[in-house]
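Asker: Quick one: the structure is below, questions incoming.
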Amino acid sequence: MESTPTQDHEFPRRGLKPGFVDFHIHSTWSSDGDFTPAELVGMARANGFTAISVSDHDTVAAYPAAIDDGIAAGVEVVPSMEVTAMYDGREFHCLLPFLDWTHPAIHRISRHVSDGRWVEARERVDNLHRLGLDLSWDEVAARVGRTPPLGVTIAQILLDKPESRRDPRLMKYYDAEGRPLAPKFFYMDYFMEGRPASVPKRHIPLLDVLDAAPASGAVPVLAHPGAYFENATRADIKLLRARGLEGLEVYTTYHDEAQTRFFEAIARDLDLVATAGSDFHGRVKPQVSFGLIRDGHYGMISSLRSRRRGSNAI
Ligand SMILES: [Zn+2]
Ligand SMILES: [Zn+2]
């Protein structure tokens with residue numbers, strides 16, 4: 001997906017680094033990420049990326065080590081995280097580039113989300129157990145360590161069990177064609193709203209994130225606004241803009257060409273910085289390879305950075 005120049009397309013003006021930029025990459029600190037920050041900056045360098053954001057789900061555990069990994073590889077790492085939040089009854093994901101990972105506001109957001117995720121994860125496993133699927137909380141806990149597992153991760157753990165291959169209800173997830181996406185299919189069949197093992201969402205309100213995060217220097221960016229669960233409208237984005245949203249992830253693997261043009265226009269009209277992010281994870285999203293989105297450029301970093309607020313703003 002190639003971008004057309006936008007008002008933020010400053011490169012190659014003087015002072016801006018050449019190379020691609022990706023604001024949305026997950027590391028092993030996300031329960032569904034496969035690569036360490038050190039591996040990611042190596043991949044970034046090999047693929048012509050001058051800067052990336054390691055933006056794990058609801059945690060800043062990758063920092064500060066990821067910054068040092070970036071320095072060692074010659075790739076700028078913009079500190080960030082991806083917060084799962086609720087707005088208008090829907091799940092919205094918010095990226096927080098330029099956050100200060102030591103700031104209490106970030107810790108509060110992170111803890112709120114993490115506590116809710118542990119409860120959700122236990123409830124999901126309980127629900128599967130109630131449905132007669134052979135998975136215990138101990139088995140899940142042993143695989144995930146200190147990071148609360150997402151629904152797709154629980155699905156992966158279940159499908160990785162040899163015993164699961166003998167369950168007729170799970171057969172379809174093992175056919176050769178669907179195998180890489182099996183955890184996602186399982187998630188949609190069992191954990192999505194209205195499905196037999198779904199659990200109530202306990203996410204932090206998005207407006208709370210927009211209120212609290214900027215004090216840490218973070219510049220809130222709405223991730224993949226066109227994602228099926230988010231489905232952000234122009235009216236949603238206008239209201240969020242008024243409440244402190246500064247950027248919109250226009251260039252993403254979630255959007256088709258028409259969505260990209262639609263959100264590009266909204267970003268322009270509402271004076272939001274249009275950003276690019278692949279949402280690269282590794283195995284859980286096999287269709288997203290590293291460097292798939294090449295619309296990101298250093299002008300986006302400069303534009304976001306100029307919108308930082310709070311005590312740590314520069
Ligand atoms: Zn997301
Ligand atoms: Zn993501």
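Asker: Around Gly178, what is the net charge, scoring Lys/Arg as +1 and Asp/Glu as -1 over all other residues with Cβ under 15 Å from its Cβ?
Answerer: Taking every other residue near Gly178 into account, the sum is +4.
Asker: Sticking with this structure for a sec: Starting from the stretch 132-237, pick out the GluC sites (Glu not before Pro) whose DSSP state is loop and whose Cβ has at most 12 other Cβ atoms within 10 Å.
Answerer: Glu177, Glu193
Asker: Sticking with this one: Could you give the radius of gyration (one decimal) and Dmax (whole number) of the Cα atoms in the chain, in Å?
Answerer: For the chain, the Cα-based Rg and Dmax read 19.3, 63 Å.
Asker: Okay, next question. Mind giving me the FRET efficiency for Ser198 and Ala38? R0 is 41 Å, r the Cβ-Cβ distance, nearest 0.05 is fine.
Answerer: 0.65
Asker: Round to the nearest 0.05 the FRET efficiency obtained for Glu163 and Asp68 when R0 = 45 Å and r is the Cβ-Cβ distance.
Answerer: Efficiency at R0 = 45 Å is approximately 0.60.
Asker: Once amide H atoms are placed 1.01 Å from N in the peptide plane, what residues at a sequence separation of 5 or more from Gly296, or on another chain, have their amide H within under 5 Å of its amide H?
Answerer: Val21
Asker: Quick one: which residues, 5+ away or cross-chain, put their amide H under 5 Å from the amide H of Val273? H built at 1.01 Å from N.
Answerer: Amide H neighbours of Val273, under 5 Å, 5+ apart: Gly247, Leu248.
Asker: Now for a different question. Going through the stretch 185-258, which chymotrypsin sites (Phe, Trp or Tyr not before Pro) have at most 16 other Cβ atoms within 10 Å and a DSSP loop state?
Answerer: Here the chymotrypsin sites (Phe, Trp or Tyr not before Pro) that fit, given the DSSP loop and packing criteria, are Tyr228, Phe229.
Asker: Which residue, chosen from Ala73, His112, Ala62, occupies the Cα position most advanced towards the positive end of the dipole of the stretch 58-139, where the dipole is computed from +1 (Lys, Arg) and -1 (Asp, Glu) charges on Cβ about the Cα centre?
Answerer: The residue sitting farthest along the positive end of the dipole is His112.
Asker: Next up: Given 0.36 nm per residue, what is the gain on full extension from Gln259 to Asp189 after removing their alpha carbon distance, in nm?
Answerer: Extending this stretch completely gives an extra 22.6 nm.
Asker: Measure out, as a whole number of angstrom, how far apart the alpha-carbon centroids of the stretch 241-314 and the stretch 68-96 sit.
Answerer: 11 Å
Asker: When Lys and Arg each count +1 and Asp and Glu each count -1, what net charge do the other residues less than 13 Å away from His281, Cβ to Cβ, add up to?
Answerer: Residues near His281 contribute -4 overall.
Asker: Taking the Cα centre of the stretch 130-281 as the origin, how large is its charge dipole in debye, to the nearest 20, when only Lys and Arg (+1) and Asp and Glu (-1) carry charge on their Cβ atoms?
Answerer: Values: 19 positive and 22 negative charges, 76 e Å.
Charge dipole, the stretch 130-281, about its Cα centre: 360 debye, nearest 20.
Asker: Please list, in order along the stretch 254-260, the HN-Hα scalar couplings obtained from phi with the Karplus expression 6.51 cos²θ - 1.76 cosθ + 1.60 (θ = phi - 60°), rounded to whole Hz, x for Gly and Pro.
Answerer: Per-residue couplings from phi come out as 7, 9, 8, 4, 5, 5, 4 Hz.
Asker: Report, by chain and number, residues whose modeled amide H sits under 5 Å from the one on Ser53, excluding near sequence neighbours (fewer than 5 apart, same chain).
Answerer: Asp22, Phe23, His24, Ile25, Val78
No value in this document is a laboratory result; all are computed from the given coordinates. Computed from a predicted structure; not experimentally measured. All Cβ positions, even for glycine, are placed from backbone atoms using ideal geometry, and neighbour counts span all protein chains on display.
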